[in-house]
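The values are calculated or read from the model by the stated rules, or taken from the named source; none is laboratory data. These numbers were taken from a predicted model, which means no experiment stands behind them. All Cβ positions, even for glycine, are placed from backbone atoms using ideal geometry, and neighbour counts span all protein chains on display.
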Amino acid sequence: MKVNIRVVLIASFITLIPSLSVRAATQVPPGFESLVTGQTLWVNLSVYGQSLGLFEATVSLDTVTFLKPEEIARAVMQHYQKNPQQEKRLDGLIRQPLARNGNLACSSNGGVAGCDYLDTDTVALIYDENNAKVALFLGPEFIPLSAGNASPYYEQTAETEAAFIHQQNINFVTNSGDQSLSLQGAGALGLTQNSYAGVDWDYLAQKYRQQNHQEVRFNNAFLRRDLGKRYYVQAGRMDSRDIFSNAGGNITLSQLPLSTIEGARVGSTLAWVNSTQTTQGTPVTVFITRPSRIDAYRDQQLLGTFYLNAGTQNLDTTAFPNGSYTVTLRVYEDNQLSRTEQVPFSRTGSSTSQNVEWFVQGGAIPGQDRQSNGAESQNGADRRVIQAGIKIPLNLETALTGGVAMTNRNHFVESALDWSHGFDNALLDGILATRFSYLKGSEGSRGNIQQVSYNDGFSLSFYRSALYAQDCYSNNGGQYGFSGCYQSSSLMFSVPVKSWYVNAGYSASENEGRNVIPAQRDDDDVVPVWTRRNIYSKTKTNTWQAGLGRGFSFNGININTSANLFTRTNSTGMKRDNGGFLSVSLSRVSTPTIDARSNYSSLGMTYQSDRSNRNQVGYNVAQNWYFDAQNQQEIGVNLNGNQENTLNASVYGKTGGEYGSGSLAVSSASSGSSGQRFSSSGSYNSSMAVARSGLYWGKWGNGLPGAAVGLSVDSTDDSRDTRVDVSVDGAGSASLHGTGRTLFSVPAYTQSNISINDSVESTAGMRSEITQGAGRRSLFISPGRMLVGKVNIVSRYTYLGRLMINQQTPLEDAIPLNVVSWSGLGQGGFTAETDHRMKDLYMARGMQMYRCEMKVKSTHDVVRYVGDTGCEAISLASIPQNVQQQAKMLIATRRADDVPLAREQSFRQEQQ
């Protein structure tokens, strides 16, 4: 009790004297000396609203001193998972007496906005004397760089299984003089959780006049194993695609000769790196001591609103625009603005790794690749090659890349510097990205690239590339290297001006050395590559172009207009050409009907003037019809021509669904000089997977060895009326019909989402309801692995009509035997629901059975109207086997109910 009185006296004294200086503290009245020297208390310590436990401290009028600061430093560091150096630094700061700042405690100031919060550069606290609590606040050096314990790496989706997943594509083109057929495929066979075999191939068959040509190529056939989540080893035939992508280290070597090799490669990989973490940009951290709402602004633009719990929180900046700018955070507590903070933010838009990325590979160059490089010798020494590359991040904006390729005679070295920067000022507030590279070969070849792009509402880009052999006209003497010399440059600028879009561009190219031309010149033929021959020439072209365009809508019609002028010079043929062209197009998209049908109409006209085509007027008319909500079922007609009596017409159709997609087109071209010419083309692409659970067939993916999602669909109905809408990132969407299996190829090493929902469309007077497998989930699957999911569907058919006996007497007081739910409407009227399409309805009245034929006369949304339905009396044996059980149970139940009733009637008769 004495302690309580003392606390009351202390609190009263502090209320009378809210702020005392050291000088005043020495004039404490007799009996209150402990206020100056302090008293030892156990206080509840918290960091931004999250409790760390009870700690002992000495509390005086002015300060709070912790007795065991090392324990507090350890608790804070364990909470934030920081390193020992920071723990030592924090220990040193907490050892000092810290100001109480009791006036900022919500319990002392009536809970004004912003209470219980303190901003500091080092360490500070707020002592709540009414509740014996201490709230600790930390400086920026102790702020965690990421929120929570989010892993920088993806985890393989659980429940995946090894499978052979293959994608295939077929294309054909026929003309009057030639035909072409091409097939391509890419497959992955999962071996373990971290290893797979990959292959991609293509086949080409061509017929040109009297010549035939066939070719099969295996571009890749390799084994790969990931070593943890940072490195990999790969062996077999490999091209350089994995080096340039996240499957490797995303190392870009633009001019270094990295052709297909047969050998082995080891290097770092970004395949498992969580891109949502690496693309966040600089962290935006906010400290809140109670559940709050945070609004983030860039000037007056609202970037996002976040509802967060107390603690140290990092905002999700995925949707923030790229650039470097200041973000203003408005913190609301209890829907009242508590405080406003400003933090810098920067993101260049690229997910460049801040780790060193590298690769080393060695082996032999396949013979056909050497021939494409102009090789003449096929001995083993000439085929050997060793290649390596490394990318070193200098800081968040700059990276240095280097690479080397060595054969037995020559070697090549390329170095590149990438730099990107976000600006944040009144003049510039966009992203600047640059790349400069240089190549040098020991045999005298050299090359360089300069690339600059800037995007800030307006777009500016410059690209220049040059590559020179020592002798532009040499065939390279069988060496692995370059032939010919070329240089190309382009400059593009575009900017919106009110409702208009203005663009300007410049391009130049120089070529010297070997050039490939058709062996037979024929203006009407597209000559295949395998019939061409080499000549030696030197050409130079320059082109300037400028234009403006505008798009707007009027009464549901989209109108696009553009005007362009150009001037072109050429070192061969026509030396200079000046011209221009105008274009106007009108298009309209109809509103989808109730059955998801729509159409698209367009009309366009162009006017072009130059030396070769003086004052040429062209026109185009197109009409497209779509027959589903996903626009995967399409038929189109296209007509274009000009005033020179040249006319091209085509008719095409496209279809897509759960088993792939295909297209077919037939076209006709006519002109005054060549007459009528017909051609046709078509394609079909799909994917397949073989797993322990069986064979799956489905939609095409991205054409690379990948992963897959297989769905096994079961329905209570055997018809194909049931529908399920499935959408997979990177694999499109489809409306699944009926029962069976289907497959969706998904990009490997990429986070994607799958969504399975009830279909928004209803057909045949029914609806589908998913009882298992519905919802949305995120996926991350490595190549050669497959997630198998089960989807159970219950069909719902609703019937409306009236039951009649002999077309005269309504069937009343009868019980249905083969429906899920039933509602009698009187006079034989009814509504019934079943989980399958019903041909006959079976009824029981007493001991008599009836069969009523269900003939659907019309459908209205999900209701199937059968009208007056004739019912005939039948025996129990005439009822189908699956319905007989229900009838027998009904009869048995009635007999059981009748026995007690008969006994009661007999007893009453005896009593009388």
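Counted as qualifying within region 544-663 are the strands (runs of 3 or more DSSP E) with 3 or more residues that are more than 36 Å from the chain's Cα centre (by Cα) and of a type outside the set (A, V, I, L, M), namely 557-570, 576-589, 598-609, 616-626, 634-642.
Here is a yes/no grid of residues against (1) surrounded by fewer than 13 Cβ atoms within 10 Å (Cβ to Cβ); (2) outside any loop (DSSP other than H, G, I, E, B); (3) not assigned by the TED database to the domain that holds Val43:
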position	(1), (2), (3)
Arg89	no, yes, no
Ser108	no, yes, no
Val112	yes, no, no
Asp121	yes, no, no
Gln168	no, yes, yes
Val173	no, yes, yes
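For the residues Gly801, Gly789, Gly824, the requirement of being in a strand (DSSP E or B), crowded, with 16+ Cβ neighbours inside 10 Å, outside the structural domain of Thr859 (by the TED database) and of a type in the set (Gly, Ala, Ser) singles out Gly789.
If you go through region 598-627 and keep only what is over 29 Å from Lys575 (Cα atoms) and in contact with an Asp or Glu (Cβ under 8 Å, 6 or more places away or on another chain), you end up with Asn624, Trp625, Tyr626, Phe627. If the condition is being closer than 13 Å to Ala466 by Cα and among the small types (Gly, Ala, Ser), then region 404-451 contributes Ser437, Ser445, Gly447. Out of Asp897, Asp835, Asp868, I need the residue that is modelled with pLDDT of 90 or more and among the acidic types (Asp, Glu). Which one? Within the list Asp897, Asp835, Asp868, the selection yields Asp868.
Would you be able to say whether some residue in region 679-691 is of a type outside the set (Val, Ile, Thr), out of contact with any helix residue (DSSP H, G or I) (no Cβ under 7 Å at 6 or more places or on another chain) and either without any contact (Cβ under 8 Å) to a residue 40 or more places away in the chain or not in a strand (DSSP E or B) (or both)? Break it down stepwise before answering.
The first filter runs over region 679-691 and keeps only residues of a type outside the set (Val, Ile, Thr), leaving 679-689, 691.
Of the ones still in play, those that are also out of contact with any helix residue (DSSP H, G or I) (no Cβ under 7 Å at 6 or more places or on another chain) are 679-689, 691.
So of that shortlist, the ones also either without any contact (Cβ under 8 Å) to a residue 40 or more places away in the chain or not in a strand (DSSP E or B) (or both) come out as none.
Looking for residues that are of a type outside the set (Val, Ile, Thr), out of contact with any helix residue (DSSP H, G or I) (no Cβ under 7 Å at 6 or more places or on another chain) and either without any contact (Cβ under 8 Å) to a residue 40 or more places away in the chain or not in a strand (DSSP E or B) (or both), one finds none in region 679-691, hence no.
Looking across region 688-711, just one residue is polar (S, T, N, Q) and over 22 Å from Thr655 (Cβ atoms), and that is Ser693. Please tell me if Lys654 is surrounded by 17 or more Cβ atoms within 10 Å (Cβ to Cβ), at pLDDT 90 or above and among the basic types (Lys, Arg). For Lys654, the condition - surrounded by 17 or more Cβ atoms within 10 Å (Cβ to Cβ), at pLDDT 90 or above and among the basic types (Lys, Arg) - is met.
Quick grid of which residues meet (1) at pLDDT 85 or above; (2) within 25 Å of Met854 (Cβ to Cβ):
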| site | (1), (2) |
| --- | --- |
| Arg785 | yes, no |
| Arg796 | no, yes |
| Arg802 | yes, yes |
| Pro810 | yes, yes |
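Taking residues in region 770-783 that are in contact (Cβ under 8 Å) with a residue 24 or more places away in the chain, and partners anywhere that are among the basic types (Lys, Arg) and outside any strand (DSSP E or B), not one pair has Cβ atoms closer than 9 Å while being at least 6 places apart or on different chains. May I ask you to say which residue of Gln184, Gln193 is in contact (Cβ under 8 Å) with a residue 40 or more places away in the chain, under 32 Å from the mean Cα position of the chain (by Cα) and buried (at least 18 other Cβ atoms within 10 Å of the Cβ)? On inspection, the qualifying residue turns out to be Gln184. Applying the criterion of being of a type in the set (Ser, Thr, Tyr) and not in a strand (DSSP E or B) to the residues of region 693-740, the residue that is modelled with the lowest pLDDT is Ser719. Inside region 257-270, can you point out the residues that are over 19 Å from Val413 (Cα atoms), buried (at least 21 other Cβ atoms within 10 Å of the Cβ) and among the hydrophobic types (A, V, I, L, M, F, W, C)? Leu270, the sole residue that qualifies.
Scanning region 397-410 finds one or more residues that are over 28 Å from the mean Cα position of the chain (by Cα) and basic (Lys, Arg).
Would you check which residues across region 209-256 are charged (D, E, K, R), surrounded by fewer than 16 Cβ atoms within 10 Å (Cβ to Cβ) and in a strand (DSSP E or B) and list them? Explain how you work it out, then say what you get.
Start the filter on region 209-256 by keeping residues that are charged (D, E, K, R), which leaves 209, 215, 217, 224-226, 229-230, 237, 239, 241-242.
Adding the requirement that they be surrounded by fewer than 16 Cβ atoms within 10 Å (Cβ to Cβ) leaves 209, 215, 217, 225, 241.
If the condition is that a residue be charged (D, E, K, R), surrounded by fewer than 16 Cβ atoms within 10 Å (Cβ to Cβ) and in a strand (DSSP E or B), then Glu215, Arg217, Arg225 are the ones that fit.
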